[in-house]
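To keep things clear, I will list the structure first and then write my remarks on it.
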Amino acid sequence: MTQAQDFRPEDAGQLVMVDIQGKTLDAATAAFLREHQIRAVCLFRKNLGTEDEVRQLTRDLREVMGPHALIGLDQEGGSVVRATFLPQAPSAMALGAAGDSELCERVGAAVARGLRSIGVNWNFAPVLDINNNPANPVIAERSFSERADDVTRLAGAWMWGSLREGVACCVKHFPGHGDTHVDSHLALPTVDKSRAELDALELRPFHALREIAPAVMTAHIVYPQIDPEYPATLSATLLGGILRREWGYDGVVITDALMMKAICERYGYDRAAVLALQAGADMILAQGSLEEQGQSIRALREAFARGDLTAAQGARARDRLDRLARAYPVAHDDYAGAVREADGALMAEAWARGLAALRAAKAPALEAPIRVYVQTDVPTDMVSEAGPTGAQIAGLFSGFADAEIVMLDDLLGLDWSQVPADGRQTIVASTHRMRYGANAGAWQPDLHLVLWNPFQALDVQGPTVISWGYADGALAALKSWLQGELAATAVAPVSLG
């Protein structure tokens with residue numbers, strides 16, 4: 001029996017990655033995984049309890065899904081981390097500001113060590129998107145740079161570190177999500193560029209790293225000059241044509257989540273699943289309820305039974321996934337003591353090296369009276385983790401003799417005409433992702449602290465310090481700078497005026 005003949009319609013579940021609902025593997029979900037031969041699960045923040053609970057969950061998943069199990073999550077660093085109890089890596093742009101490929105490789109390796117210890121063998125990182133659009137609502141600091149060569153160099157080093165430590169990477173979002181102004185979680189973006197323009201920028205990191213990247217994640221974006229009908233995730237021109245045939249890529253291609261509105265509202269779970277595999281993907285990411293996940297699996301089974309998808313296509317996709325799982329098996333390494341402590345110190349060092357000052361920004365004297373405006377809370381948008389609380393920001397100024405902290409429900413509503421002119425130095429600390437908009441044009445702070453979206457530095461023309469993120473290491477570096485203990489020497493990897 002040939003490999004293709006060995007693939008049956010009922011094997012379609014092996015080409016589907018699902019999510020689960022709780023922090024433990026309940027009997028109904030375990031039965032669903034077994035019934036449909038599912039071998040891949042993506043974990044999200046909702047699934048992650050204590051470190052020990054996560055280890056037990058991944059052990060249970062490995063037992064149910066078998067030796068070729070793929071357990072994935074998004075542990076990019078910065079605002080996109082799921083296992084927050086592990087040493088938290090800097091965002092890609094913080095590493096881009098430091099500009100050190102050796103540092104990137106060490107960080108990638110440390111991220112992988114942490115993930116292996118909890119039974120995760122597939123990380124949906126690093127991001128190869130080139131953020132050359134300041135209005136981009138979803139990439140921003142997740143990108144290493146606005147320059148293709150720097151993205152290739154730094155992301156490639158990060159990936160080498162991860163692969164060396166035994167965790168598969170998945171570069172994203174092919175063919176490039178950096179020049180969008182729409183979030184594909186909410187709508188369908190369009191990038192109206194020619195092939196020549198894409199070759200000159202967006203495609204360059206993907207092409208350069210295609211031989212070492214074990215997996216690629218697709219983008220839910222329409223490139224009308226390449227394929228006017230389908231977004232990249234469903235495009236045979238982009239996936240089967242450019243990525244597979246032209247470039248010869250033989251690693252795993254997985255879709256971004258089909259439940260994102262850019263896809264599900266236009267094509268549905270069932271049709272999108274079939275189109276993605278027809279286009280050249282090996283695995284679909286089907287989040288949602290068991291019923292919604294079941295729609296995708298049933299659609300694939302029926303497509304294989306009808307011949308809309310062939311047994312050869314199924315066998316080829318399964319072989320690529322098997323190869324990935326064999327190369328990067330699920331493990332539960334010990335991650336305590338000196339190794340973990342060293343990784344924590346590395347992350348703190350990397351955050352500090354990324355700190356950047358613009359427009360001659362200087363920390364106020366510790367004895368100077370200051371007033372700090374900050375938003376009280378920034379909830380998660382389900383892509384990024386929740387932003388730092390106002391209380392955490394207040395802690396940055398604990399060493400100041402006279403610091404007045406003004407908590408706002410919404411920083412965007414700050415009315416500068418109401419800011420007292422009483423001699424206090426005024427500091428605005430931004431802890432959310434959104435650009436400010438027109439209202440910020442009147443703001444004139446003595447110091448602007450940007451803890452998330454670096455492009456907010458374009459909205460307020462004044463002395464600015466950018467941390468590129470808000471993990472503990474970022475906050476510690478910023479506090480050291482405010483107290484005069486650390487210089488902000490990094491260079492912004494994007495144009496900020």
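Of note:
Yes or no, residue by residue, for (1) part of a loop (DSSP other than H, G, I, E, B); (2) over 20 Å from residue 347 (Cβ atoms); (3) among the aliphatic types (A, V, I, L, M):
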| site | (1), (2), (3) |
| --- | --- |
| 25 | yes, yes, yes |
| 30 | no, yes, yes |
| 34 | no, yes, no |
| 38 | yes, yes, yes |
| 49 | yes, yes, no |
| 60 | no, yes, no |
| 72 | no, yes, no |
| 86 | yes, no, yes |
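- Any hit, region 460-472, residues being out of contact with any helix residue (DSSP H, G or I) (no Cβ under 9 Å at 6 or more places or on another chain) and more than 29 Å from residue 152 (Cα to Cα): yes
- Within region 284-335, tally of residues that are under 27 Å from the mean Cα position of the chain (by Cα), of a type in the set (Gly, Ala, Ser), at pLDDT 95 or above and surrounded by fewer than 15 Cβ atoms within 10 Å (Cβ to Cβ): 1
- Candidates are the residues of region 147-164 that are touching an Asp or Glu at 6+ places or on another chain (Cβ under 6 Å) and not aliphatic (A, V, I, L, M); the one that is surrounded by the most Cβ atoms within 10 Å (Cβ to Cβ) is 161.
- Of the strands (runs of 3 or more DSSP E) that lie entirely inside region 165-263, those containing 3 or more residues that are touching an Asp or Glu at 6+ places or on another chain (Cβ under 8 Å) span 252-257.
- Among (1) touching a residue at least 40 places away in the same chain (Cβ under 8 Å); (2) closer than 24 Å to residue 171 by Cβ, the one test that residue 301 misses: (2)
- Region 429-445, subset modelled with pLDDT of 95 or more and hydroxyl-bearing (Ser, Thr, Tyr), residue surrounded by the most Cβ atoms within 10 Å (Cβ to Cβ): 430
- Flag for residue 108 being buried (at least 24 other Cβ atoms within 10 Å of the Cβ), within 19 Å of residue 215 (Cα to Cα) and at pLDDT below 95: no
- Among the residues of region 149-197, those that are within 30 Å of residue 229 (Cα to Cα), among the polar types (S, T, N, Q) and modelled with pLDDT of 95 or more comprise 152, 194.
- A single entry from 174, 144 fulfils the requirement of being within 18 Å of residue 249 (Cβ to Cβ) and crowded, with 22+ Cβ neighbours inside 10 Å: 174.
- Against the list (1) outside any loop (DSSP other than H, G, I, E, B); (2) under 24 Å from the mean Cα position of the chain (by Cα), the condition residue 494 fails is (1).
Results for (1) free of Cβ contacts under 8 Å to residues at least 60 places away in the same chain; (2) assigned to a loop (DSSP other than H, G, I, E, B); (3) not assigned by TED's automatic domain parsing to the domain that holds residue 380, shown as yes or no for each residue.
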| position | (1), (2), (3) |
| --- | --- |
| 64 | yes, no, yes |
| 83 | yes, yes, yes |
| 89 | no, yes, yes |
| 94 | no, no, yes |
| 102 | yes, no, yes |
| 111 | yes, no, yes |
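- Top-ranked residue of region 259-275 - restricted to ones that are under 14 Å from residue 288 (Cα atoms) and of a type in the set (A, V, I, L, M, F, W, C), ranked as modelled with the lowest pLDDT: 260
- Total residues in region 320-348, condition part of a loop (DSSP other than H, G, I, E, B) and either within 25 Å of residue 78 (Cβ to Cβ) or of a type in the set (A, V, I, L, M, F, W, C) (or both): 6
- Selection count where residues are among the small types (Gly, Ala, Ser), crowded, with 18+ Cβ neighbours inside 10 Å and out of contact with any Asp or Glu (no Cβ under 9 Å at 6 or more places or on another chain), scope region 384-428: 2
- Of all residues making up region 356-410, the number that are within 31 Å of the chain's Cα centre (by Cα) and of a type outside the set (Gly, Ala, Ser): 25
The values are calculated or read from the model by the stated rules, or taken from the named source; none is laboratory data. From a predicted model like this one, the values you see are computed outputs, not experimental measurements. With ideal geometry, Cβ positions are generated from the backbone for all residues, glycine too; neighbour counts draw on all protein chains shown.
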